[in-house]
1. Can you sort 44, 57, 95 from fewest to most other Cβ atoms within 10 Å of each residue's own Cβ?
2. Once Lys and Arg get +1 and Asp and Glu get -1 on their Cβ, which of 71, 120, 94 lies farthest toward the positive end of the dipole of segment 28-125?
3. Can you work out D for segment 28-125 in µm² s⁻¹ from Stokes-Einstein, where Rh is the Kirkwood radius over C-alpha pairs, the temperature is 25 °C and the viscosity is 0.890 mPa s?
4. Would you mind working out the magnitude of the charge dipole of segment 28-125 relative to its Cα centre, with +1 at each Lys and Arg C-beta and -1 at each Asp and Glu C-beta, to the nearest 20 Debye?
5. Grab the beta carbon distance between residue 60 and residue 36, set R0 = 30 Å, and tell me the FRET efficiency rounded to 0.05.
6. Between residue 89 and residue 75, what is the spin-label point distance in nm, taking each point 7 Å from the Cα along the Cα→C-beta axis?
Amino acid sequence: MDRRALLGFSKLAHVKTGGGGGGGAAQAAYVRYPAMTASVVRPDGRRGVLSVETGVDAPAALAQRAQQSQPRIRAAFNLVIQRVAAEALPGRPPDVQRLSREMQAELDRVIGRPGVRVLLGTVMAV
């Protein structure tokens, strides 16, 4: 793994403080999830893997809710990834726009209101 990429992620992964940094200051958060996978059909008919790296960026007002909802968010993201992979045509690249749109809709549903953004990392089908 490229160390420079890891350092870039670590800078994003730090919790950012909002405001002047007083004792009870609200905090915005970036939460990175492990890669999620689903099976796809390759052009030769064999099974392949769709791998998606994701994270969420939560503003200060929703950071705690996003942290507490991690298991539900990951489950919702897994269902979206599996659905997109099942409907993908063999040999075609994954529809990243659809994936992003549906994941954002599920994130808004789980959190209960808009404001938390889904961030896609690597989307790869092998």
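What follows draws every value from the coordinates through simple rules; no lab data is involved. None of these values were measured; they are calculated from a predicted model. Here the Cβ is made from the backbone with ideal geometry for all residues, glycine too, and neighbour counts use every protein chain on show.
1. Details: 44 8, 57 18, 95 15.
Fewest-to-most Cβ neighbours within 10 Å comes out as 44, 95, 57.
2. 71
3. Values: Rh = 13.7 Å.
The estimated diffusion coefficient comes to 179 µm²/s.
4. On the way: 14 positive and 8 negative charges, 27 e Å.
I would put it at about 140 debye.
5. Details: r = 27 Å, r/R0 = 0.89.
With R0 = 30 Å, the Cβ-Cβ based efficiency is 0.65.
6. 3.5
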